[in-house]
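The values are calculated or read from the model by the stated rules, or taken from the named source; none is laboratory data. If you're wondering where the values come from, they're calculated on a predicted model, not measured in any experiment. Each accessible area value is taken on the protein alone, full model and side chains, heavy atoms only, with ligands, DNA and RNA left out. Shrake-Rupley method; radii C 1.70, N 1.55, O 1.52, S 1.80 Å.
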Amino acid sequence: MSIMQGLRAYHAVLGLLVIAAFLTGELGMIHAVLGYTIAVIIGGRLIAALSGLRQLGLSRFYPQFDGLTLGNASTHPAISKTLLAGIAVCLILATATGIALDRGRTLGLATSVVVTEAHARDDRHERRRDAEGVGGKQEEGILGETHEGLSNLLMIIVGLHVAYLFLFKRPLARFMLFLVAPNSRQVKTERTP
């Protein structure tokens, strides 16, 4: 498997998991397991970035605006890199806030070293939430609102990313969505102007 085919498979798996996590936001345990799975995949991607391969490097996420003009604004790499950077930031922060909200409960790691009055209130609320069913009103407070807001923003940026690729980089979009074989003649002819 080539690097680009592996990157394409990673993209597909991560994309499907993120969409599933977004759609299962009210399903507690399923949503949390998907979130932890996404965290593992992000960690794997960061480790892969350390490999030194240009295709896997984090420089793909740094927009450079050199040469950007009004005439080439729609196809300049800075646009797609800005969208990728927005997706990466929102995804990492949404995943981190989700894990912070879960506090290890899904993995069975929740422990309490010192119980303060605030923690005791939280524990009573958790027991009440657990009685309502896993997931209940887990998204509470500023952390929950941040998690939800980042998740919604992520979906908006993903929508813009997909629309941009279909409008201005159709051969790449078709390749990443497995609509064209990696070495097909169609990809080669579409890439040449």
- [ ] Provide L179, L46 ordered by accessible surface of protein heavy atoms (probe 1.4 Å), highest first.
- [x] L179, L46
Task: Solvent accessible area, Å² - I38, 1.4 Å probe, full protein context - done: 10
- [ ] Rounded, prolate or oblate: pick one for segment 28-107, where a ≥ b ≥ c are the square roots of the eigenvalues of its C-alpha gyration tensor, a/c under 1.5 means rounded, and failing that, prolate if a/b is larger than b/c, else oblate.
- [x] prolate
Task: Ranking by accessible area, most exposed first, for V180, V13, V40 with a 1.4 Å probe - done: V40, V13, V180
Task: Value of relative contact order over segment 1-107, rounded to a whole percent, pairs C-alpha under 8 Å and six or more apart - done: 26
Open item on the list: With a 1.4 Å probe and all protein chains kept in place, how much accessible area does M155 have, in Å² rounded to the nearest 10?
Closed with: 50
Task: Extension gain (nm, one decimal) between L153 and F178, 0.36 nm per residue minus Cα-Cα - done: 6.4 nm
Open item on the list: With a 1.4 Å probe and all protein chains kept in place, how do Y62, Y164, Y36 rank by accessible area, largest first?
Closed with: Y62, Y36, Y164
